[in-house]
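**Q** What follows is a structure written as structure tokens; I'll ask about it next.
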Amino acid sequence: MPYLPRPETTQACAHCGQLFAARHLRRKYCCNSCNVLASYARTGRRAAGPSKADLEAVVQALLALTPPAPASPDLAPVAAQATRVAAIKGRLQDEAEADGQRATLAAQEQAVRLHALKAKRPGPGPAERPQ
């Protein structure tokens, strides 16, 4: 005889009361969270972590301790520091560019010297070349 799945029935969750589709006769909760929370309620255990009310109390206490932000902060020191940083950055870029140009010139000079040395060195004559 082939397996025939049980048709879904609509039930109310035993914990939150939400309607859900159950495919098994003994299913009582709409999700695992409701199952766990109902277990905590039956046994008197608390869920792990602070309750929502505790968290709200902590947030309110922190908000009461936080000083108000200044209306208009003095940005002159920050602007001066930014100007100094921009000047230093410009100098570093100029130095890096000069270093790159010096390296390019040195490489070109070395290539000219090697070319000159190769031109001065006598090569093998036609009789001395390997066949």
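The values are calculated or read from the model by the stated rules, or taken from the named source; none is laboratory data. Fair warning: this is a prediction, and the values are worked out from it, not measured in the lab. Using ideal geometry, Cβ is built from the backbone for each residue, glycine included, and neighbour counts are taken over all protein chains shown.
**Q** From the list P67, P50, which one is modelled with pLDDT under 80, loosely packed, with under 10 Cβ neighbours inside 10 Å and not small (G, A, S)?
**A** Working: P50 fails: loosely packed, with under 10 Cβ neighbours inside 10 Å.
P67 is the lone residue from the list that is modelled with pLDDT under 80, loosely packed, with under 10 Cβ neighbours inside 10 Å and not small (G, A, S).
**Q** To continue, here is another question. Residue check: is A22 over 42 Å from the mean Cα position of the chain (by Cα), surrounded by 10 or more Cβ atoms within 10 Å (Cβ to Cβ) and of a type outside the set (F, W, Y)? Talk me through it step by step, then tell me what you get.
**A** On the way: over 42 Å from the mean Cα position of the chain (by Cα): no; surrounded by 10 or more Cβ atoms within 10 Å (Cβ to Cβ): yes; of a type outside the set (F, W, Y): yes.
So A22 does not fit the description; no.
**Q** Checking V36 against (1) farther than 30 Å from L19 by Cα; (2) at pLDDT 80 or above: exactly one of these is not met. Which one?
**A** The number of the failed condition is (1).
**Q** Same structure again: Go through (1) part of a helix (DSSP H, G or I); (2) loosely packed, with under 10 Cβ neighbours inside 10 Å; (3) not β-branched (V, I, T) one by one and return the number of the condition N35 breaks.
**A** With respect to (1) part of a helix (DSSP H, G or I); (2) loosely packed, with under 10 Cβ neighbours inside 10 Å; (3) not β-branched (V, I, T), N35 is out only on (2).
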